[in-house]
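Worksheet: the structure to be examined is printed underneath.
The values are calculated or read from the model by the stated rules, or taken from the named source; none is laboratory data. Please read all numbers here as calculations on a predicted model, not as lab measurements. Please note: Cβ atoms are built from the backbone with ideal geometry, for glycine as well, and neighbour counts cover all protein chains shown. We work out accessible area using only protein heavy atoms, side chains counted, and drop any ligands, DNA or RNA first. Shrake-Rupley method; radii C 1.70, N 1.55, O 1.52, S 1.80 Å.
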Amino acid sequence: MSKSQIVTGGIADDAISEEHLDSTLITGQTAITSLADTDKFLVSDASDSGNLKYVEKQYLPSGGLVKLSTVSTNNSNVTNFTFDEVFSSTYDQYKIIGFISPTTNSVVGRFKFRTGGASGTDYSSSQYVWTHFGHRVDTSHAVGSDIGGYASESYGAISSHSVRETTNGTFQAIDMNVFDPRRNLMSRQTWHGTVNYQNATSDRHFVGTFGGRMNDNVDATGIKFYFSSGDINYGVITIFGVVK
Amino acid sequence: MARVHATPNGLVEFSTQEETARNIEEQAWNDASAIRKLADIKEIRLQKLKETDYLANSDVTMPSYIQTWRQTLRDLPQNNTTESQYDTLLARDADGNLTNSVWTQPTE
């Protein structure tokens with residue numbers, strides 16, 4: 001049977017109903033793995049009697065957080081989790097969640113901002129101002145609190161108390177917010193968050209808050225998480241951008 | 001074996017400069033080990049002293065053996081000055097309990 005062309009107006013609008021659609025209509029097409037803002041989706045417009053229209057990807061509703069990057073390790077020693085070129089002008093605020101577990105007992109969790117984009121380097125000038133307040137419970141069920149801090153350090157601290165090593169089945173978990181690392185709005189960065197961990201020397205369990213700011217006008221394009229000594233052998237950290 | 005950064009794109013070996021910087025960083029941390037242990041001892045000592053502070057109230061009489069024990073606790077830093085002595089004071093059992101008898105409040 002030869003193919004023929006149906007001329008405009010030669011077929012009724014409702015001539016092809018759902019029961020006549022080829023089931024491979026979608027799956028028979030070429031797949032794509034990312035969407036451009038102007039890619040289009042077919043929709044039935046509820047405000048216009050269900051007539052078919054299209055909507056572009058840029059107009060689809062989305063969440064307030066956009067996952068930017070994840071680093072993880074599972075029983076494999078790495079010295080740090082490094083995220084280069086993760087901060088940009090697209091977002092002013094970032095949420096970072098995850099956990100890391102140390103190979104060495106009695107070390108503390110730290111971070112450093114990175115500068116220079118894709119081939120970033122540590123920002124290690126003594127411009128980090130940070131403090132940590134930890135609520136604790138010890139093995140005798142006694143509770144208390146401890147405070148630590150530093151006003152001109154070469155790194156940011158997640159906690160000021162040491163963390164138990166992996167062999168004790170423990171890790172340091174964080175929920176951290178970073179504000180304006182690229183100086184889109186102001187000329188300084190700031191951060192704060194919560195942390196949860198088991199202290200190494202006292203076996204106390206801590207839940208703490210930590211925060212700080214930079215005393216220098218550094219253009220931070222990335223961030224690195226690590227321990228004061230030794231490696232990370234378990235963990236995952238994910239960075240999200242907060243949609244403006 | 002060279003240290004590595006874990007990145008979203010896989011593992012990246014440290015450069016020579018990064019290895020040097022990390023060695024210095026770890027050395028500084030290790031060099032301050034005794035200072036951290038002494039701080040831990042002072043923190044535990046403070047907790048132990050607080051537990052018997054109520055015996056110093058004017059309406060009670062602090063037993064002499066408690067007075068002696070509290071003085072022993074206060075003298076810990078001057079009587080223990082090496083890292084190995086700090087380790088002895090901070091020793092714990094498998095359950096995380098301090099094992100050095102100096103931390104145990106005397107009963108008589």
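Results, tabulated for the structure shown:
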item	result
Some residue of segment A:64-85 being more than 14 Å from chain B (Cβ to nearest Cβ) and open to solvent by 80 Å² or more (accessible area, probe 1.4 Å)	yes
Residue within segment A:113-134 that is more than 27 Å from B:PHE14 (Cα to Cα) and loosely packed, with under 14 Cβ neighbours inside 10 Å present	no
Every pair of residues 6+ apart whose Cβ atoms lie under 6 Å, when the first sits in segment A:175-190 and is over 18 Å from A:PHE111 (Cβ atoms) and in contact (Cβ under 8 Å) with a residue 40 or more places away in the chain while the second is in a loop (DSSP other than H, G, I, E, B) and open to solvent by less than 30 Å² (accessible area, probe 1.4 Å)	A:ASN184/A:ASP92; A:LEU185/A:ASP92
Test: residue in segment A:181-188 that is of a type outside the set (S, T, N, Q), more than 10 Å from every other protein chain (Cβ to nearest Cβ), open to solvent by less than 30 Å² (accessible area, probe 1.4 Å) and assigned to a strand (DSSP E or B)	no
Subset of segment B:17-37 (residues that are more than 16 Å from A:VAL108 (Cα to Cα) and touching a helix residue (DSSP H, G or I) at 6+ places or on another chain (Cβ under 6 Å))	none
Candidates A:SER101, A:SER44, filtered to the one that is touching a helix residue (DSSP H, G or I) at 6+ places or on another chain (Cβ under 9 Å) and either farther than 30 Å from B:VAL12 by Cβ or outside any loop (DSSP other than H, G, I, E, B) (or both)	A:SER101
A:ASP203 being part of a loop (DSSP other than H, G, I, E, B) and in contact with a Gly (Cβ under 6 Å, 6 or more places away or on another chain)	yes
Candidate set: segment A:116-132, residues that are over 18 Å from the mean Cα position of the chain (by Cα) and not in a loop (DSSP other than H, G, I, E, B); chosen: the one farthest from the other protein chains (Cβ to nearest Cβ)	A:VAL129
Residue check, A:VAL178 at pLDDT 95 or above and closer than 19 Å to A:THR73 by Cβ	no
Count of segment A:7-35 residues which are part of a loop (DSSP other than H, G, I, E, B), open to solvent by 80 Å² or more (accessible area, probe 1.4 Å) and under 30 Å from A:LYS57 (Cβ atoms)	17
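Residues are listed down the side, and each one gets a yes or a no for (1) among the charged types (D, E, K, R); (2) in contact with a Lys or Arg (Cβ under 7 Å, 6 or more places away or on another chain); (3) open to solvent by 40 Å² or more (accessible area, probe 1.4 Å); (4) facing chain A (nearest Cβ under 7 Å):
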position: B:THR7; (1), (2), (3), (4): no, no, no, yes
position: B:GLY10; (1), (2), (3), (4): no, no, no, no
position: B:SER15; (1), (2), (3), (4): no, no, yes, no
position: B:GLU18; (1), (2), (3), (4): yes, no, yes, no
position: B:ALA21; (1), (2), (3), (4): no, no, yes, no
position: B:GLU25; (1), (2), (3), (4): yes, no, no, no
position: B:LYS37; (1), (2), (3), (4): yes, no, yes, no
position: B:ILE41; (1), (2), (3), (4): no, no, no, no
